[in-house]
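**Q** Provided herewith is a single structure, encoded as structure tokens, for subsequent inquiry.
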Amino acid sequence: MFHLSLQLLGGFRADTDSGTVIHLPTDKVRGLLAYLALEPDQPHRRERLAALFWPDWESRTSLRNLRQSLYRLGKTVDEAAPGLFEQLCIVTRQDVTLHGAALVSDVAEFWAGVNLPTQHSHSSLSECDTCRAAVAAAVALYRGELLAGLSFADAPDFETWLAEQRQRHHLAHLSALAALADCSLAGKEFAVAHTYAQRQLALEPWLEIAHRQAMRALAGMGQRTAAMDQFHRCRTALADELGVDPEPETVALYQELLEPAEVSPVSLPAPVQIPDAPVPITRTPATNLPSLLSSFVGRQDEMACIHQLLQDNRLLTLTGPGGSGKTRLAVECGRHRLADYPDGVWLVELADFSDPERLIHAIAHSLGVSERDGHPLRQLVADFLAQRRLLLILDNCEHLLHACAVVAEFLLVRCPGVQILATSREPLGISGEQLFPVLPLPLPTGNSAALISPDVPGLLDVAAVRLFVERAAAHRPGFALSAENAGAVVEICQRLDGMPLALELAAARIRVLSPARIVELLDERFALLTGGSRTALPRQQTLRALIDWSYDLLSPAEQRLFCRLAIFAGGAAFDAMEAVCADPIDGTSISTIDGEAVFDLLLRLVDKSLLLVRDDSGDNRYGMLETIRAYALERLQAAGEAGEMALRHARYFAGLAATAERELV
């Protein structure tokens, strides 16, 4: 029998027995499979499933949507493993049932682990090594909340069910961590206990029992001052988050720590191997990643790919044009992989730094490393990281590229447990770097008129559409996708290339404009798309400022080629770009702009994410996202070169047509 393997905690991933990843087409199909998988061998009425996922549709249409989703699911599964879907899913005219014997899921293994002590009637994990190992393995499986990153805004009943399930799994995970911490304290495994306590606090910083466990663990390791500092962090977290004071038990423990020690401090024991955490955490909290203020939409396939690449590479750079969502994707990946890094995931935000010499100070500040007289800060950071296992996110590297490359290489060579996830509009360019291009969000296929029919299901499953609708609803409560506005919404997404920041700026205009009116004004998109978050960086508050940032980082020759390339409406092959854009030949055999080879300049624009490359029948074709091209065309007109470039363009293609006519006969 074939088996389907599902990872539902911390995201969504489906694999076959052979390890082939199954790429399901939409969030709705992923959610349907997950819903069935959480209750295997349980028949589900088709009417109930249809109403759960398509509540706003007429009954016959919602049933047809369910039928189409099941067809898509079966087709995708069988493409990866022929015959697997027939073994996995039993579909009748009335019910849909997932066959548990053909399914392996991390959720089932998680519950089997956390419930084992209850089945053995053990009140404490200290009573049974088997139970302790099972609970520890279950904790290692919890990579994040159930179906993290998936959203079902048009299925409120399913969203409610999913929220309840997420809370249920979250509480079970916290309970398991607390039990493991207590067990480790009882066995005087203080470093391990501290690790489990910090994992709880990374999830809920106000969890008082975890603060007490951390205090006892630190005291057991002889770190009484650190234990007292933990109390102060506890008091601050409780006051900020809940508006309460610590419990008497916590205060009593602190007062006990204030008493002089009667025995010599216990030396730090050797680290004890526990699942996914071979190195004890020595700082708290386990991350400085910011809390989410809005939903994370789409990117499930990208997150799965990044997760795999981080298993095999120590330096991974997310590249892409400004506004493509690199930072949000990196932060979300870091959040979902917290359990993989015993010493945490640390974000270093570089956007506000202009001096390369301050780069190491930014890293030190994020890690909590203090300067000491007579010691180079770079070496202090390396010494701090040398024995730690963590993920360092270097965000917005493009304007400090050389400095980031030098520091990244220095730390990777000297700190074997450190991995770096960088975001940049161009690669760092050092040995061992793995690149991952962050492309715009997927767009609806077909023209907008064809997509407004209520017979077309799943439009909100398209990430670009869902992002726009969710952000628009935040600006105008009650806004929803409808047959009347769907065509305009689709056109907005398509004309803005699915770029997340551009879509968010457009959604903000819903306060005063209808989607149809926004479409009419997109010809003046740089005047329209302003007014981003007041707390965002200035370059992220308007669409023009976003591209200005990339343009200003170009050399004069790169700027000239970038602007000239805007004359090609649909992109072009290199020969055409070279013929139209190069300066007049000055006696050399190489086409140049300001003395620099056009080919070299072209490659640098590709590296800087301002040009896209696609393989067109064996020959590379270069083009721009429409928003970036509109910006470049404005710059070309301002430079007074638009007329000349248009004339060159016309002459080149007239000559090409004449040659083609002769060749045809």
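**Q** Using a 1.4 angstrom probe on the protein heavy atoms only, line up Glu208, Glu520, Glu86 by accessible area, largest first.
**A** Details: Glu208 20, Glu520 115, Glu86 150 Å².
Solvent-accessible surface, decreasing: Glu86, Glu520, Glu208.
**Q** What order, most packed first, do the peptides 139-146, 570-577, 239-246 have when packing is the mean number of other Cβ atoms within 10 Å of each residue? Kindly include the intermediate steps, with their values, before the conclusion.
**A** Details: 139-146: 22.2, 570-577: 15.9, 239-246: 11.8.
For the peptides 139-146, 570-577, 239-246, the packing ranking is 139-146, 570-577, 239-246.
**Q** Which aspartates and glutamates have a Cα lying under 12 Å from the Cα of Lys75, excluding residues fewer than 8 positions away in the same chain?
**A** Glu86
**Q** Would you mind computing, in nm to one decimal, how far apart the modelled labels at Ala163 and Thr20 are, each placed 7 Å from Cα along Cα→Cβ?
**A** 3.9
**Q** So, one more: At 1.4 Å probe size, with every protein chain present, just tell me what the per residue accessible area of the chain comes to in Å².
**A** Details: 29830 Å² over 665 residues.
Accessible area per residue: 45 Å².
**Q** Below 8 Å between Cα atoms, with a sequence gap of 6+, how large is the relative contact order for the chain in percent?
**A** Details: 1016 pairs, mean separation 60.3, N = 665.
That works out to 9 percent.
**Q** Amide H to amide H under 5 Å from Leu315: which residues, 5+ apart in sequence or cross-chain, H placed 1.01 Å off N in plane?
**A** Distant-sequence amide H within range of Leu315: Ile420, Gln434.
**Q** Follow-up. Tell me which aspartates and glutamates have Cα within less than 17 Å of Lys28's Cα, excluding those fewer than 8 residues away on the same chain?
**A** Within the straight-line cut-off, Lys28 pairs with Glu47, Asp56, Asp154, Asp157, Glu159, Asp301, Asp455, Asp461, Glu470.
**Q** Rounded to the nearest 0.05, what FRET efficiency do Asp619 and Arg64 give with R0 = 51 Å and r taken as the Cβ-Cβ distance? Could you check? Let's see the in-between values first.
**A** Numbers: r = 43 Å, r/R0 = 0.84.
That pair, Asp619 with Arg64, gives E of 0.75.
**Q** Given a 1.4 angstrom probe, I'd like the percentage of the accessible area of segment 563-665 that is carbon and sulfur, rounded to a whole number.
**A** Numbers: 2960 of 5550 Å².
Its accessible area is 53 percent carbon and sulfur atoms.
**Q** Could you tell me the calculated FRET efficiency between Lys188 and Glu371, based on Cβ-Cβ distance and R0 = 30 angstrom, to the nearest 0.05? Before the final figure, lay out the partial values.
**A** On the way: r = 36 Å, r/R0 = 1.20.
So, using R0 = 30 Å, E works out to roughly 0.25.
**Q** Would you calculate, for the chain, the mean residue ellipticity at 222 nm contributed by helices, counting each DSSP H stretch of 4 or more residues as -39,500 (n - 2.57) and dividing by all residues, to the nearest 500?
**A** It comes out at -15500 deg cm²/dmol, rounded to the nearest 500.
**Q** Please sort through the DSSP H helices of the chain and keep those with an alpha-carbon extent of at least 30 Å along the long axis and a Kyte-Doolittle average not below -1.0.
**A** On the way: long enough: 59-80 (32 Å, -0.92); 156-186 (45 Å, -0.12); 642-664 (33 Å, -0.06).
TM-like helix candidates: 59-80, 156-186, 642-664.
**Q** Still on this structure: Filter the trypsin sites (Lys or Arg not before Pro) in segment 163-204 down to the DSSP loop ones having no more than 15 other Cβ atoms within 10 Å, then list what survives. If you can, show how the numbers build up before the last one.
**A** Working: sites: Arg166, Arg168, Lys188, Arg199; in loops: Lys188.
Those satisfying the criteria are Lys188.
**Q** Could you quote the convex hull projected area for segment 1-88, Cα atoms only and averaged over all directions, in nm²? Walk me through the numbers before you get to the answer.
**A** Details: hull surface 23.3 nm².
The Cα convex hull of segment 1-88, projected and averaged over all directions, gives 5.8 nm².
**Q** Report the far tail of the P(r) of the chain, meaning the percent of Cα-Cα pairs longer than 33 Å. Let's see the in-between values first.
**A** Numbers: 125294 of 220780 pairs.
Value for the chain: 57 percent of Cα pairs lie more than 33 Å apart.
**Q** Would you calculate the separation in nanometres between label points at Ile430 and Ala386, each defined as 7 Å from the Cα along the Cα-to-beta-carbon direction?
**A** If labels sit at Ile430 and Ala386, their model points lie 1.8 nm apart.
**Q** May I ask you to list the lysines whose Cα is less than 26 Å away from that of Lys608, ignoring any residue fewer than eight positions away on the same chain?
**A** Lys326
**Q** Within segment 68-105, name every residue whose backbone N is under 20 Å away from a label modeled 7 Å from Cα of Ser5 along the Cβ vector.
**A** Counting backbone N atoms under 20 Å from the label point, the list is 76-89, 99-105.
**Q** I would also like to ask the following. Would you mind listing how long segment 352-453 runs along its three principal axes, going by Cα atoms, in whole Å with the largest first?
**A** So the extents along the principal axes, rounded to whole Å, are 70, 28, 25.
**Q** If you take every residue apart from Cys234 with its C-beta less than 13 Å away from the C-beta of Cys234, what net charge results, scoring Lys and Arg +1 and Asp and Glu -1?
**A** Working: positive: Arg212, Arg216, Arg233, Arg235; negative: Glu204, Glu208, Asp229, Asp240, Glu241, Asp245, Glu247, Glu249.
Net charge in that neighbourhood comes out at -4.
**Q** Let me ask something else. Report the accessible area of Glu524, computed with a 1.4 Å probe over the heavy atoms of all protein chains in place, in Å² rounded to the nearest 10.
**A** For Glu524, the solvent-accessible surface is approximately 120 Å².
The values are calculated or read from the model by the stated rules, or taken from the named source; none is laboratory data. All figures in this text were calculated on a predicted structure; none of them were measured in a lab. Because the Cβ atoms are built from the backbone with ideal geometry, glycine has one as well, and the counts that use them run over all protein chains shown. Note: accessible area is taken over every heavy atom of the protein model, side chains too, but ligands, DNA and RNA are not part of it. Shrake-Rupley method; radii C 1.70, N 1.55, O 1.52, S 1.80 Å.
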